[in-house]
Amino acid sequence: MGSRVVTKWPESRAGQFRERLLSWYGSHKRLLPWRSSPTPYRVWIAEIMLQQTRVQTVLPYYTRFLKRFPDLAALAAASEEDVLAHWAGLGYYRRARNLRKAARKVVDQWRGRFPETLEDIGGLPGVGRYTAAAIISIAFNQPHAVVDGNVRRVIRRLCGIVKAPEDLIWELAESLLAKGRARDFNQAFMELGALVCLPSRPLCDVCPVRSLCHSGHRASVPASRERLRPAQVPVEMFLLVLECGEQIAIARQPDGGFIPGEWGLPGNTLRAAQQPLAAARRLARGILGRVPQLDLYAPVRHAITHRRILAQVWGASIEPPAPALAGAGRYAWAPRSSLDRVFTSSLFHKALARIPAAGRRQSLRSSRTPLSR
């Protein structure tokens, strides 16, 4: 099958496919918030959130994000910190940064009116070929096919293709498109892959287009292409919780770092063979000008994008008054009660939860807890 020439379907067959798919979609589509009001802004936010993320995961984040940033002007005017705070938990934080950059571009270049051509939409930060086609077809009902992972899988099974160039898949998708109903057709195509033509156990018995499908008709399904997933990268690091009364020392996050947010707890990644206690003491000295007694607490496990983090948590209680911190503005004292608003990443919230407020600590002394590396 991999070597045979794949041709477009005759129009009569393609017409049957469109009719059956759209009829099925009318009865089985999921009620999703961006479908009830498919404005360009709402569709764009949804499509960016749905990149590498499941629909059920996205739904609560989408509602919260739209409540805080109801339109392009609100998103463009927001700080990066605020946008990241309302994205926290979805991962792949570059998407959130690109959303804000794109909103500012639309406001500056098109006076806040979302662009209406495929070329202009594709020129927005974070928008690729699929996302541009999805926005223009769903929001504007313009006749452009979309090819996401679901559509790609359905087309390969419909045509019995084991391997095919990406351009061929897009060409076949264009040939099947219901030109006057691009909005519904593209969503129906994606919905079929999400609900029926599943990756490993397709529900062929309830498929509305089974009689037209090469794989369903022959009761065989071409093996799916293996999805290339980024390698899981283990990261070992340490975090410092330096507390003085009700104040916690916080650190400005480096630009372009993998942990989201402007502020976090002081810390560093650990290099191979680096001793955690020595590294923690060195950083504490650089911040305070001296080394306080550091107590070791239970570690934190956390995942960000493809990184799997193991963070050792070291705490110290500093006698008031709070000393000046080194680093020319890189470090600052902040009330512990304010950190829910200050920290974007839940990594830091988890670390703080390991250490009760001053005066109620039951730490694991480093002398009693040998570290294994």
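The values are calculated or read from the model by the stated rules, or taken from the named source; none is laboratory data. Quick caveat: nothing in here was measured; it's all calculated off a predicted structure. With ideal geometry, Cβ positions are generated from the backbone for all residues, glycine too; neighbour counts draw on all protein chains shown.
Counting only residues that are part of a helix (DSSP H, G or I) and free of Cβ contacts under 8 Å to residues at least 12 places away in the same chain, which one in segment 109-128 is surrounded by the fewest Cβ atoms within 10 Å (Cβ to Cβ)? Applying the filter and picking the extreme gives Glu119. For segment 165-184, a residue qualifies if it is part of a helix (DSSP H, G or I) and closer than 13 Å to Val147 by Cβ, and the qualifying residues are Glu166, Asp167, Leu168, Ile169, Trp170, Glu171, Leu172, Ala173, Glu174, Ser175, Leu176. Among the residues of segment 179-195, write down those that are modelled with pLDDT under 95 and more than 24 Å from the chain's Cα centre (by Cα). Hits for segment 179-195 are Lys179, Gly180. If only residues of segment 247-266 that are part of a loop (DSSP other than H, G, I, E, B) and of a type in the set (D, E, K, R) are counted, the one that is surrounded by the fewest Cβ atoms within 10 Å (Cβ to Cβ) is Asp255.
Scanning segment 99-108 for residues that are of a type in the set (Lys, Arg), more than 20 Å from Ser345 (Cβ to Cβ) and either within 21 Å of the chain's Cα centre (by Cα) or not in a helix (DSSP H, G or I) (or both) turns up Lys101, Arg104. Taking the condition surrounded by fewer than 21 Cβ atoms within 10 Å (Cβ to Cβ), closer than 30 Å to Leu195 by Cβ, in contact with a Lys or Arg (Cβ under 6 Å, 6 or more places away or on another chain) and polar (S, T, N, Q), does Asn98 pass? Answer is no for this residue. Assess whether Trp314 counts as being more than 26 Å from Leu90 (Cβ to Cβ) and in contact with a strand residue (DSSP E or B) (Cβ under 6 Å, 6 or more places away or on another chain). When the stated conditions are applied, Trp314 passes them.
Within segment 335-363, restricting attention to residues that are assigned to a loop (DSSP other than H, G, I, E, B) and closer than 17 Å to Gly257 by Cβ, the residue that is modelled with the lowest pLDDT is Thr344. Residues in segment 308-319: is at least one surrounded by fewer than 16 Cβ atoms within 10 Å (Cβ to Cβ), outside the structural domain of Ala78 (by TED's automatic domain parsing) and among the β-branched types (Val, Ile, Thr)? Taking every residue of segment 308-319 in turn, none turns out to be surrounded by fewer than 16 Cβ atoms within 10 Å (Cβ to Cβ), outside the structural domain of Ala78 (by TED's automatic domain parsing) and among the β-branched types (Val, Ile, Thr).
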